[in-house]
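Below: the structure, in structure tokens.
The values are calculated or read from the model by the stated rules, or taken from the named source; none is laboratory data. The model shown is predicted, which means the values in this text are computed figures rather than measured ones. All Cβ positions, glycine included, derive from the backbone under ideal geometry; neighbour counts span all protein chains shown.
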Amino acid sequence: MGTRRVGLPDVSHGLPPARPRLTAPLRYLAIIGPEKAAYDFWVPAAVGICVWGAYMLIEPKPAIFGDSGLLRFTRDLLVMAVPFMIGALAAVAMGAPGSHLDRRPVGTELHLDGESLTLRRFVCYLLGYLSFLGLITLILACGAEILHNAVLTWTEKYVFLREWIRGIGVFFLVYLLSMLIVTVLWSLYFLTDVVNRTEA
């Protein structure tokens, strides 16, 4: 009996085909749980707007580009953090089945598409989302560095446009970083408290 090579078109288990597979980590945002929506959207938005507002008001403004700029520190941090998070995701996803990670969390309910999630599935979505968010932030930070001189040249005669681009770019950078930082802090709470809860 012959065998047939299995390819990507044969992978039918999992997300419906209508959903892009490469954005699967963003399904983390659809998970329903106590207080989760606040830490996914509202807290990062509040932190991002406050930090961005403070940046726009203070003079002289902190550097964004250059050796002492925010983009360099962001890039250096994410170059180390993203591979670590992807490695942690692989360890959790491919770890041996066990009674601890493959049970429902104690004291809280987590649902996705009407289905209750195990600790392993939720942590996989969490680490996948953090990896995705970190990778997108890293790509945008590198892109901003690469395009910086070109944008300065294009807007040489339009200083007001340069300031608009700078303000919008800083807002997106601060907002992405606030989403990343708040989610990391929330995941530390979940991984140190909720995951280790035992039945009363």
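Suppose we filter 19, 27 for residues that are surrounded by 11 or more Cβ atoms within 10 Å (Cβ to Cβ), among the basic types (Lys, Arg) and at pLDDT below 80; which single one remains?
19
Could you tell me how many of the residues in the stretch 67-102 are in a helix (DSSP H, G or I) and hydroxyl-bearing (Ser, Thr, Tyr)?
Of the residues in that region, 1 qualify.
Mind checking whether some residue in the stretch 138-146 is more than 23 Å from the chain's Cα centre (by Cα) and either modelled with pLDDT of 90 or more or not in a helix (DSSP H, G or I) (or both)?
For the stretch 138-146, residues more than 23 Å from the chain's Cα centre (by Cα) and either modelled with pLDDT of 90 or more or not in a helix (DSSP H, G or I) (or both): absent.
Can you tell me which residue among 162, 120, 166 is at negative phi, part of a helix (DSSP H, G or I) and touching an Asp or Glu at 6+ places or on another chain (Cβ under 7 Å)?
None of the other options fit; the residue is 120.
Which residue pairs have Cβ atoms closer than 6 Å, lie 6 or more positions apart in sequence or on different chains, and pair a first residue in the stretch 66-83 that is without any contact (Cβ under 8 Å) to a residue 24 or more places away in the chain with a second residue that is of a type outside the set (Phe, Trp, Tyr) and assigned to a loop (DSSP other than H, G, I, E, B)?
Hits for this filter: 69/63.
Starting from the stretch 34-45, keep only residues that are more than 17 Å from residue 175 (Cβ to Cβ), then list their pairs with residues that are of a type in the set (S, T, N, Q) and surrounded by 13 or more Cβ atoms within 10 Å (Cβ to Cβ) whose Cβ atoms are within a distance under 9 Å, requiring at least 6 positions of separation or different chains.
So the pair list comes out as 34/108.
Of a type in the set (A, V, I, L, M, F, W, C), without any contact (Cβ under 8 Å) to a residue 40 or more places away in the chain and over 16 Å from residue 190 (Cβ atoms), is that true of residue 144?
The answer is no for residue 144.
Residue check, residue 64 against (1) part of a helix (DSSP H, G or I); (2) among the aliphatic types (A, V, I, L, M); (3) under 22 Å from the mean Cα position of the chain (by Cα), all met but one. Which one?
Failing condition for residue 64: (1).
Would you mention how many residues in the stretch 57-72 are loosely packed, with under 13 Cβ neighbours inside 10 Å and of a type outside the set (Lys, Arg)?
9
Of the residues that make up the stretch 153-162, is at least one farther than 28 Å from residue 129 by Cβ, surrounded by 12 or more Cβ atoms within 10 Å (Cβ to Cβ) and touching a residue at least 60 places away in the same chain (Cβ under 8 Å)?
Looking through the stretch 153-162, none of the residues is farther than 28 Å from residue 129 by Cβ, surrounded by 12 or more Cβ atoms within 10 Å (Cβ to Cβ) and touching a residue at least 60 places away in the same chain (Cβ under 8 Å).
Being under 17 Å from residue 73 (Cβ atoms) and touching a Ser or Thr at 6+ places or on another chain (Cβ under 8 Å) is the filter here; which residues of the stretch 139-182 pass it?
141, 173, 176, 177, 180, listed by residue number.
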